[in-house]
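Worksheet: the structure to be examined is printed underneath.
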Amino acid sequence: MNHKPRTITLMPGDGIGPEISLAVLEILEAAKVPLIFEPVDVTPVVDSNGRASVPKQVIESMQRTKVGLKGPLMTPVGTGFRSLNLTLRQLFNLYANVRPCRSLPGVETVYGDVDVVTIRENTEGEYSGIEHTLVNGVVQSIKLITRAASLRVAEYGFSYALAMKRKKITAVHEKSSMRMSDGLFITCVREVANKYKSQMESLGITYEEVTLNTVCLKIVDNPKRFDVLVLPNLYGDIISDTCAGLVGGLGLTPSGNIGTAGAIFESVHGTAPNIAGKDLANPTALLLSTVMMLHYIQFHSYADLIEQAVIKTIKDDNVRTMDLGGKAKCSEFTKAVIKNLK
């Protein structure tokens, strides 16, 4: 494992964010991963007009490092603040949200061996932030779908499936109800599917188009029916959280936001202010997101080492945090993972 040190932007986040970030840093240090972290505060800066923006130091750090690791962020409710997560994605053009939902050995769920990857368009759709009041009592929200963004996320989805030797790609839509917007999205995905047709056939990868309501119905009946899902923004948000529920919840689910010139890896669960500072948080989601990050920067051996230590801790040693039915504190779980790095 001979790598040059890599600098990473660290956004610890709110609530339990700082303590799970600390747990991850301790594990990375114990594994001797050659990373240098630049901690930055993502607390929004509010201008004189009441508009919130990402602090300048976050922008400058990400421009330098190109890779970020982020804990959960809180967006104030009812204040008119835009989601900071959405702002970061659009600011750094992180166009593809990649969420692998795999059953973790040792964690019992209704379904046994789930292995689904959602690849979600991350910059537009219903989350474009284009909404306004037409007249009193009537609000209009615009769903923005562009050919450029649809082709881009489709390209990433097919490239991912080919590189990872997956077996099926499913494009999710509701084009019968939204003929122009979802119609454009599915046309773009189909165009990319035709481009990769011969490569897919040689690897035995199939392609299908399925409506959102059918995916919702089928995935909770038989998750093995799906493999890689390529979706517009809102649909991806819904289905990725549904998939997380199939494997034990958001506390076990990693996530990566991939862009043309960088990426941010994050835990997608909430800030859990009710347990913040009590040493009760589960760092697994952020830790597995760190594993994704290590693969992204080509530190594969370190990624495998840490992932196997997490699995051994939960499956063989039965060391689990409260949310997984155990009694281990965050610090105790961290120490157990470090022990299994040997």
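A few points about this structure:
- Simple spin-label estimate for Met178 and Ser159 in nanometres, 7 Å along Cα-Cβ: 2.5 nm
- Computed label-point distance, nm, for sites Leu203 and Asp47 using a 7 Å Cα→Cβ extension: 4.4 nm
- Going from the residue with the fewest nearby Cβ atoms within 10 Å to the one with the most, Met74, Met11, Met180, Met292 rank Met180, Met74, Met292, Met11.
- Other residues lying with their Cβ under 13 Å from the Cβ of Leu162 contribute a combined charge of +3, Lys and Arg counting +1, Asp and Glu -1.
- Listed values (i) 16.6; (ii) 24.0; (iii) 18.7, entry calculated as mean projected area of the Cα convex hull in nm²: (iii)
- As a proxy for reagent exposure, Tyr111, Tyr235 were ordered by neighbouring Cβ count within 10 angstrom, fewest first; the result is Tyr111, Tyr235.
- Rounded, prolate or oblate (a/c below 1.5 giving rounded, otherwise prolate when a/b exceeds b/c) for the stretch 110-246 by Cα gyration tensor: oblate
- Structure-based [θ]222 nm, the chain - -39500 (n - 2.57) summed over DSSP H runs of at least 4, per residue, nearest 500: -12000 deg cm²/dmol
- In the chain, the DSSP beta bridges split such that about 45 percent are antiparallel, to the nearest 5.
- Dividing the radius of gyration of the alpha carbons in the stretch 243-290 by their Kirkwood radius gives 1.04 for Rg/Rh.
- Cβ-defined net charge surrounding Val33, 13 Å radius [Lys, Arg +1; Asp, Glu -1]: -1
- For Thr118, net neighbour charge (Lys/Arg +1, Asp/Glu -1) across residues whose Cβ lies under 10 Å away: 0
- Computed extension gain for Arg147 through Asp304, at 0.36 nm per residue and net of the alpha carbon distance, reaches 52.8 nm.
- The alpha carbon gyration tensor of the stretch 7-133 gives principal lengths a ≥ b ≥ c with a/c of 1.5 or higher and a/b no greater than b/c, which makes the shape oblate.
- Taking Ile59, Ile16, Ile306 in turn, the Gaussian network model of the chain (Cα-Cα springs below 10 Å) assigns the largest fluctuation to Ile59.
- Cβ crowding within 10 Å averaged over residues, with 90-101, 34-45 ranked highest first: 90-101, 34-45
- When Thr65, Thr123 are arranged by Cβ crowding within 10 Å, least crowded first, meaning fewest neighbours, the order is Thr65, Thr123.
- Overall form of the stretch 233-342 per C-alpha gyration tensor (a/c, 1.5; a/b vs b/c): oblate
Readers should treat all values here as calculations from the given coordinates under stated rules, not as data from a laboratory. These numbers come from a predicted model, not from an experiment. Counting neighbours? That spans all protein chains shown, and the Cβs are built from the backbone with ideal geometry, glycine included.
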